[in-house]
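Read the structure below first, then the notes.
The values are calculated or read from the model by the stated rules, or taken from the named source; none is laboratory data. Note that the structure is predicted; figures quoted are calculated from it, not measured. Heads up, the Cβs are rebuilt from the backbone with ideal geometry, glycines too, and the neighbour counts pull from every protein chain shown.
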Amino acid sequence: MANLLDRINSPSDLRGLTFEELNQLADEIRCEMVNTVTKTGGHLASSLGVVELSLALHRVFDSPNDKIIWDVGHQSYAHKLLTGRRERFDTLRQHKGISGFPDRSESPHDAFGTGHASTSISAALGIAVGRDLAGDDFNVIAVIGDGSLTGGMAFEGLNHAGHLKTRMIVILNDNAMAISPNVGGLARSLNKVTLDRRYYKAKEEAERVIPVLPGGKTVWSWMKRIKTGIKGLILPTQLWDSFGFKYIGPINGHNIAALEEALLRARDYLPGPVFVHIVTTKGKGYEPAEEDSIKFHGVSGKNSVSNGIPSYSEVFGKTLLRLFQENERLVAISAAMTEGTGLSIVAKKYPKRVFDVGICEQHAVTFAAGLAAQGHIPIVAIYSTFLQRAFDQIIHDVCIQNLPVVFALDRAGIVGEDGKTHQGMLDLSYLSCIPNLVVAAPRDENELGHMLYTATRANCPMAVRYPRGSGLGIPIDEKFKELTVGKGEVVKTGTDLAIVSLGCAVAPSLEAAWLLHAKGIDCAVVNARFAKPLDSELILEIMSKTNGLVTVEENVLAGGFGSAVLSLLSSIAGIRALRIGIPDEFVEHGAQELLRANYKLNAEGIAQRILSFFPEFARRSRTSKAMG
């Protein structure tokens, strides 16, 4: 058979295909995704599950005139292949290649940029209302997964859409599996809705056999009426009715004909907001992903190199195992990321002390505050980029009341290929401005253990940020050491310049100092440990012994660590200071090493920036080289 995918350059190319050809195309799309993602890395299982839905959507609706919004967006690979990005698909998540998420700057078919969960319904409603205000006439469709539907923002959008009675379609992709297993009453209700997979096999078999029997068409007609009545009794359609939505479903999400029939009905025959419930298999068509959708949610790819050194997430999980054994007051909380944060091993041993609240970061933080108010010490493990969603709860519920909640911020700094929506480059800025909150970052995986131990004993709110990826290969101490809050350490002495760094920036700063040492420039290096409170005494002391200051951080410069140090030194006349960090822009996708090199956050870049900023040392370097 000819390769159909090679003929698909836009959604309009789908409309002349038969259902047999569409099924062939679905298989080809899955092959293309598996072949590409296993090389580049990416979100495989979620994208494999919505191939038929993507085909049906682009046949029934007229993108980009009609607007399709993918919640989170990590399931949009088939959508990208069908909307003119097939020839560039091998650049997925690569620097200057196509994004792993919808991006409005990448294609007019990406109606709304996404990367975080539970946003699609609110965005779709805003687009639909904007359409109505302008007197336009197009369709708006939000595709949301059952995991994202656990987020409170999704329900805020549903409630408002039902109130406004705006014409829009919400498609629930129900695969009974987010990254971590779904939690909560809604998830249990959806599991009842999906019933047993045998239901669909029996239904399809009945549809095939009964109508061809004598009198079978009449029997089947009556059976459908009975089925509709029974479905109304056993399925929670009243839930969606109470939101003001017309409900269609559940629909087999891998049957293109059934999907198209449901979408046409939602598009043409039902007024107001419509809720279409489809049931899919995560990882569909690729057996390893079907069997282990958690493992294949995110794939590292062949380009990823494992060095055998534990990741910071793994060290965090093993540290918590030790801490939990020592202190029964400790509890841990995850927002649907027990696997990714390293909490799964803790949950396995201490299931009653680890809580997965679903994709509900705001609830996670206030839930932790309630636990802390009752004498527990909660450790809230959330990726840096996702904790942004709970900014007010950190302030209002934790810090105003000075409750001892520990925030473990995984994936802080440059994350890499997941791009703009996932880079953890803002946390030092948005956390350091909050009173009562201690903000810290370990220089390596060994110091991470000591810092977490310190945080559980600090009796105040404390955030510990650490990067994505492997540690430095530093041996882990057998015993925990309590660090003095607000105190750093000198890791290299020097008399020419002082480099004051924080977290994962310490190692390249130290390496840069030795590169400069080879050029005749003597740099001191300080591991600040704490962005707040600063070790003012140490910084002022080392400034008195050197001729200039450099701060290095993997965070935006605006309001970050370097800004805090300059504020400390503002009363000292004649200070010459260089801040190295991320400028005022969002960081695109690409390998971590490449992005750090681009922003001069690796050792060579730091040394280069120092020589450019302090010309007298650059001259000395040239003189030293000439004399050598």
- Item | Residue within the range 110-118 that is in the same structural domain as Ser54 (by TED's automatic domain parsing), touching a helix residue (DSSP H, G or I) at 6+ places or on another chain (Cβ under 6 Å) and either of a type in the set (Asp, Glu) or part of a helix (DSSP H, G or I) (or both) present | no
- Message: Out of the residues in the range 38-77 meeting the condition of being modelled with pLDDT of 90 or more and of a type in the set (Lys, Arg), tell me which one is farthest from Gly151 (Cα to Cα).
- Response: Arg59
- Task: Name every residue in the range 490-514 that is surrounded by fewer than 17 Cβ atoms within 10 Å (Cβ to Cβ), touching a residue at least 40 places away in the same chain (Cβ under 8 Å) and under 16 Å from Leu549 (Cα atoms), in order of residue number.
- Result: Val490, Thr495
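Specify the residue that is nearest to the chain's Cα centre (by Cα); the eligible residues are those in the range 7-38 that are in a helix (DSSP H, G or I) and of a type in the set (Gly, Ala, Ser).
Step one: list which residues in the range 7-38 are in a helix (DSSP H, G or I), which gives 7, 11-14, 19-38.
Checking the rest, the ones that are also of a type in the set (Gly, Ala, Ser) come to 12, 26.
Numbers: Ser12: 32, Ala26: 27 Å.
Within the range 7-38, the match that is nearest to the chain's Cα centre (by Cα) is Ala26.
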- What helices (runs of 4 or more DSSP H) lie completely within the range 583-628 and have 3 or more residues being of a type in the set (Lys, Arg) and modelled with pLDDT under 90? 615-627
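Out of Ile179, Ile98, Ile210, report the one residue that is modelled with pLDDT under 90, more than 26 Å from Leu264 (Cβ to Cβ) and in contact with a helix residue (DSSP H, G or I) (Cβ under 6 Å, 6 or more places away or on another chain).
On the way: Ile179 fails: in contact with a helix residue (DSSP H, G or I) (Cβ under 6 Å, 6 or more places away or on another chain); Ile210 fails: more than 26 Å from Leu264 (Cβ to Cβ).
Just a single option satisfies the conditions, and that option is Ile98.
For Glu106, indicate whether it is under 23 Å from Ala591 (Cα atoms) and assigned to a helix (DSSP H, G or I).
Numbers: under 23 Å from Ala591 (Cα atoms): yes; assigned to a helix (DSSP H, G or I): no.
No; evaluated as a whole, the condition is false for this residue.
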- Message: Looking for something hydroxyl-bearing (Ser, Thr, Tyr) and in contact with a Cys (Cβ under 9 Å, 6 or more places away or on another chain) - is there at least one such residue anywhere in the range 83-103?
- Response: no
- Message: When you scan the range 139-154, do you find a residue that is outside any strand (DSSP E or B), modelled with pLDDT of 90 or more and out of contact with any Phe, Trp or Tyr (no Cβ under 8 Å at 6 or more places or on another chain), even just one?
- Response: no
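Which one of these is on the phi > 0 side of the Ramachandran plot and modelled with pLDDT under 95: Gly419, Gly424?
On the way: Gly424 fails: on the phi > 0 side of the Ramachandran plot.
Being on the phi > 0 side of the Ramachandran plot and modelled with pLDDT under 95 holds for just one of Gly419, Gly424, which is Gly419.
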- Need at least 1 residues that are more than 16 Å from the chain's Cα centre (by Cα) and surrounded by 22 or more Cβ atoms within 10 Å (Cβ to Cβ) per element, so show me which helices (runs of 4 or more DSSP H) inside the range 309-413 make the cut, counting only ones lying wholly within it. 312-326, 344-349, 361-373
- Hey, Ser122 closer than 15 Å to Gly73 by Cα, out of contact with any Asp or Glu (no Cβ under 9 Å at 6 or more places or on another chain) and not assigned by TED's automatic domain parsing to the domain that holds Glu593 or not: no
- Note on the structure: Here the residues within the range 340-388 that are under 21 Å from Met425 (Cα atoms) and aromatic (Phe, Trp, Tyr) are Tyr383, Phe386
- Task: Please list, ordered by first then second residue, the pairs with beta carbon atoms under 6 Å, 6 or more apart or interchain, first in the range 253-282 and free of Cβ contacts under 8 Å to residues at least 60 places away in the same chain, second outside any loop (DSSP other than H, G, I, E, B) and crowded, with 17+ Cβ neighbours inside 10 Å.
- Result: Ala258/Ile251; Ala258/Asn252; Ala262/Ile248; Ala262/Ile251; Ala262/Val276; Leu270/Lys246
- Any hit, the range 43-59, residues being in the same structural domain as Gly126 (by TED's automatic domain parsing), farther than 20 Å from His254 by Cβ, in contact with a Ser or Thr (Cβ under 8 Å, 6 or more places away or on another chain) and in contact (Cβ under 8 Å) with a residue 24 or more places away in the chain: no
